[in-house]
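J.: Okay, here's the structure, questions in a sec.
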2 protein chains.
Amino acid sequence: MEFYEYLPFWPKLTREQQQFLAQNVTLHHVTKGEVVHNGSEDCVGPLIVVHGQLRGYSFSDEGREVTLYRLFERDVCILSAYCMLNSLQFDISVQAEKDCVLYRIPAPVYKKLMQESAPVANYTTELIASRFSDVMWLLDQILYKHLDSRLAAFLVGEAQLNDTTELRLTHEEIAHHLGSAREVVTRMLKYFQTEKMVLIARGCITLLDMDKLRAVAKDSLR
Amino acid sequence: MEFYEYLPFWPKLTREQQQFLAQNVTLHHVTKGEVVHNGSEDCVGPLIVVHGQLRGYSFSDEGREVTLYRLFERDVCILSAYCMLNSLQFDISVQAEKDCVLYRIPAPVYKKLMQESAPVANYTTELIASRFSDVMWLLDQILYKHLDSRLAAFLVGEAQLNDTTELRLTHEEIAHHLGSAREVVTRMLKYFQTEKMVLIARGCITLLDMDKLRAVAKDSLR
């Protein structure tokens, strides 16, 4: 698929705008684990996911993290272009969760198009609103849902994403995804183990009873 | 001040667009406590705050609330026009915290302008990004800051907003602002009282030691 097929506003650009964009888009191969956007330290511009999986996350000074959203094939990462928007006053980072192939539009190129073209600007608004919705969902989870249901939902989601019931995740990694502390996650996993929902081994969590996990997860499943 | 003086994109509209907007803007007087936008049940369109104060908040099925952001004179409330954006997938409500005078632009009118005009669309993106930033600040607070500092910051902020150290607020109202439970707020206020920072009376909290409250609030003061 060509890069412009990912961009619904493409047919509404002028010939010059199309050429300008085509001349500046670049293709990148990124390895699992690599941080492709790092808070306020860079402004790489919008990224189009051709293959792979990205996660956007925020972090505290004390090294705690929380996963804010995930992006899959055909998704466009807009918060990696945060410098284009004066009102976006927060730092997030974006990491490759799998090996990725990405198209990148440099921030100044995208910004110029956004200022000229109402379709590009409206598309941007929708992207921001979509990420905003992800964060509102997370806030709702943190405020109103118990950690047991959030943890169960996370485990079920990971099993689906990776098509396996054997999850290679440390308790620390899970705590980072959920914005919780490692000790709290370990305690809850041990409780799940006594309930025969999971089996904990070094570096691996095996999901034993998906029905029971789904029942605990209920409200937290998206 | 005329309504168009609040809208930075006004000079960039065509004569027809200006006339179309001017014919459709309406002025409203709203009483303190009134809910001006109620989740997915209505879509009033953007609201311009001429006088007064609005708060945007989300709520759970169980009746818990959290204040997401506040809007003051010259601010524009865009999430009361959530139906204009397909990707905005969450419900919030907006309430008048003081008696308000508001200009209202009907959602279909604003949407038409946004689709035609890049300046209007880009302005909308900035407004959404600004509210998104408010919510990210709140998320950071909830995840990484302790309730004592959040409560102290809230009390100091209320004192400044209302220009008084005698706050007429119930513990339940404070819990709603902070997304916490009433019992937790009551416990913390009692601790503040033993530390001689506040004096609790029926329906009124008197702030006795602003310096000490500010010290506790530190990271949570905006």
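The values are calculated or read from the model by the stated rules, or taken from the named source; none is laboratory data. None of the values given here were measured: they were computed from a predicted structure. Methodologically, a virtual Cβ is constructed for each residue, glycine included, from the backbone with ideal geometry; neighbour enumeration extends over all protein chains shown.
J.: Quick one: count up the residues across segment B:54-72 that are in contact with a strand residue (DSSP E or B) (Cβ under 7 Å, 6 or more places away or on another chain), without any contact (Cβ under 8 Å) to a residue 40 or more places away in the chain and of a type in the set (Gly, Ala, Ser).
T.: Qualifying residue count, segment B:54-72: 1.
J.: Please state which one of A:Pro46, A:Pro108 is more than 13 Å from the chain's Cα centre (by Cα), over 27 Å from B:Ile92 (Cβ atoms) and not assigned by TED's automatic domain parsing to the domain that holds A:Ile174.
T.: A:Pro108
J.: Taking the condition among the aliphatic types (A, V, I, L, M), surrounded by 21 or more Cβ atoms within 10 Å (Cβ to Cβ), closer than 26 Å to A:Thr14 by Cα and more than 14 Å from chain B (Cβ to nearest Cβ), does A:Ile78 pass?
T.: no
J.: Can I ask one more? Within segment A:1-28, work out how many residues are within 23 Å of the chain's Cα centre (by Cα), over 18 Å from A:Asn122 (Cβ atoms) and not in a loop (DSSP other than H, G, I, E, B).
T.: 5
J.: Okay, moving on. Restricting the first residue to segment B:83-99 and requiring it to be within 14 Å of chain A (Cβ to nearest Cβ), which pairs with a second residue that is in a loop (DSSP other than H, G, I, E, B) and at pLDDT below 90 meet a Cβ separation below 6 Å and a spacing of at least six or different chains?
T.: So the pair list comes out as B:Cys83/B:Cys43.
J.: In this structure, does A:Cys43 turn out to be of a type outside the set (Ser, Thr, Tyr), more than 12 Å from chain B (Cβ to nearest Cβ) and surrounded by 17 or more Cβ atoms within 10 Å (Cβ to Cβ)?
T.: No, not satisfied.
J.: Would a scan of segment B:40-52 turn up a residue that is closer than 30 Å to A:Asp140 by Cβ and assigned to a helix (DSSP H, G or I)?
T.: At the first step, the residues of segment B:40-52 found to be closer than 30 Å to A:Asp140 by Cβ are B:40-49, B:52.
Checking the rest, the ones that are also assigned to a helix (DSSP H, G or I) come to B:40-41.
Yes.
J.: Suppose we filter B:Glu183, B:Glu195, B:Glu166, B:Glu172 for residues that are touching a helix residue (DSSP H, G or I) at 6+ places or on another chain (Cβ under 6 Å), more than 9 Å from chain A (Cβ to nearest Cβ), surrounded by fewer than 19 Cβ atoms within 10 Å (Cβ to Cβ) and not small (Gly, Ala, Ser); which single one remains?
T.: Step by step, each of B:Glu183, B:Glu195, B:Glu166, B:Glu172 is checked, and only B:Glu172 is touching a helix residue (DSSP H, G or I) at 6+ places or on another chain (Cβ under 6 Å), more than 9 Å from chain A (Cβ to nearest Cβ), surrounded by fewer than 19 Cβ atoms within 10 Å (Cβ to Cβ) and not small (Gly, Ala, Ser).
J.: In segment A:138-163, what residues are surrounded by fewer than 16 Cβ atoms within 10 Å (Cβ to Cβ) and not in a helix (DSSP H, G or I)?
T.: Those that are surrounded by fewer than 16 Cβ atoms within 10 Å (Cβ to Cβ) and not in a helix (DSSP H, G or I): A:His146, A:Asp163.
J.: Let me ask something additional. Under 7 Å between Cβ atoms, which residue pairs at least 6 apart in sequence (or on different chains) link something in segment A:197-222 that is at positive phi with a partner that is not hydroxyl-bearing (Ser, Thr, Tyr)?
T.: If the second residue must be not hydroxyl-bearing (Ser, Thr, Tyr), the pairs left are A:Gly203/A:Arg168.
J.: Which of the residues spanning segment B:34-53 are in contact with a Ser or Thr (Cβ under 9 Å, 6 or more places away or on another chain) and in contact (Cβ under 8 Å) with a residue 40 or more places away in the chain?
T.: Across segment B:34-53, the qualifying residues are B:Val35, B:Val36, B:His37, B:Asn38, B:Gly39, B:Cys43, B:Val44, B:Gly45, B:Pro46, B:Leu47.
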